[in-house]
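I have placed the structure first, in the form of structure tokens, so that the comments after it can refer back to it.
The values are calculated or read from the model by the stated rules, or taken from the named source; none is laboratory data. Computed from a prediction, not measured in an experiment: that's the story for all the values here. Cβ: placed from backbone, ideal geometry, glycine included. Neighbour counts: every protein chain shown. When the accessible area is computed, the model is the full protein with side chains, heavy atoms only, and any ligands, DNA or RNA have been set aside. Shrake-Rupley method; radii C 1.70, N 1.55, O 1.52, S 1.80 Å.
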Amino acid sequence: MSDLKAQILQQLVKDQIIKINPNQPFHFASGIQSPVYTDLRLTISNPSLRTNLAQALTELVQKKFPAVSVVGGVATAGIPQAALIADRLQLPLIYVRSKPKDHGTGKMIEGRVQLTDQVVLLDDLISTGGSVLRATQAVQQAGMNVLGVVSIFSYGFPDAHQNFTKAKTPFYPLLTYPELIKQATADQLLTTEEAQKLQRWHQNPWDWPLT
């Protein structure tokens with residue numbers, strides 16, 4: 001893991017943007033009880049963290065998708081991240097709504113884009129990938145090519161891998177759940193036993209309580 005990624009993880013935990021509690025789970029809408037909770041929308045309020053994320057995400061986009069010609073944000077949490085990256089790369093910015101507008105032209109994609117454009121979509125968090133893949137489909141149906149998806153964080157659930165594979169859409173998260181647990185252990189925020197407990201949960205996120 002790069003020094004920048006480690007610094008970002010430390011900032012996320014310090015600011016309680018990512019919360020880790022191996023003993024008292026957080027409840028997800030899906031029914032999963034998780035020892036980790038993320039609220040990555042809070043990153044936009046921390047200037048130093050925002051700058052580090054913009055740098056790291058821009059480098060990731062450049063490395064994985066050098067042919068990118070348009071950066072797209074998935075509403076709403078992906079929009080500020082996409083804006084920061086588009087600004088650094090001096091590329092056009094678009095964003096994709098979760099559903100078409102119910103008035104006016106009924107657009108789902110906001111911004112100017114050409115049929116020849118190569119789009120990379122940004123989201124903050126990937127659990128199953130459902131919302132960003134719906135955005136991907138909307139861009140494709142409008143006639144543009146989606147090179148792939150980038151996110152700040154991914155839990156790395158098997159469902160997400162299967163969904164992106166089925167959609168034939170490359171996906172690269174900046175940070176992953178295993179990296180988070182490794183960094184938290186190195187920073188002595190978790191004991192070895194707690195880290196092992198969280199790793200077991202990751203293998204079967206429906207299995208709680210853990211023993």
Q.
Looking only at segment 162-183, count every residue that is open to solvent by 50 Å² or more (accessible area, probe 1.4 Å) and of a type outside the set (K, R) and tell me the total.
A. 6
(Q) I'd like to know if segment 59-75 contains one or more residues that are within 19 Å of E179 (Cβ to Cβ), touching a helix residue (DSSP H, G or I) at 6+ places or on another chain (Cβ under 9 Å) and open to solvent by 70 Å² or more (accessible area, probe 1.4 Å). (A) yes
**Q.** E194, sole failed condition from (1) acidic (D, E); (2) in contact with a strand residue (DSSP E or B) (Cβ under 8 Å, 6 or more places away or on another chain); (3) surrounded by 18 or more Cβ atoms within 10 Å (Cβ to Cβ)
**A.** (2)
Q. In segment 37-47, is there at least one residue being assigned to a helix (DSSP H, G or I), among the hydroxyl-bearing types (S, T, Y), on the phi < 0 side of the Ramachandran plot and open to solvent by 30 Å² or more (accessible area, probe 1.4 Å)?
A. yes
Q) For residues in segment 142-161 being open to solvent by less than 10 Å² (accessible area, probe 1.4 Å) and among the aromatic types (F, W, Y), which is farthest from G111 (Cα to Cα)? A) Y155
Q | segment 55-86, subset among the β-branched types (V, I, T) and assigned to a helix (DSSP H, G or I), residue farthest from L175 (Cα to Cα) | A | I79
Q: Could you name every one of the helices (runs of 4 or more DSSP H) located completely within segment 119-211 that has at least 2 residues being within 23 Å of P35 (Cβ to Cβ), in contact with a His (Cβ under 8 Å, 6 or more places away or on another chain) and touching a residue at least 12 places away in the same chain (Cβ under 8 Å)?
A: 177-186
Q. Does segment 84-103 include one or more residues that are surrounded by 19 or more Cβ atoms within 10 Å (Cβ to Cβ) and acidic (D, E)?
A. no
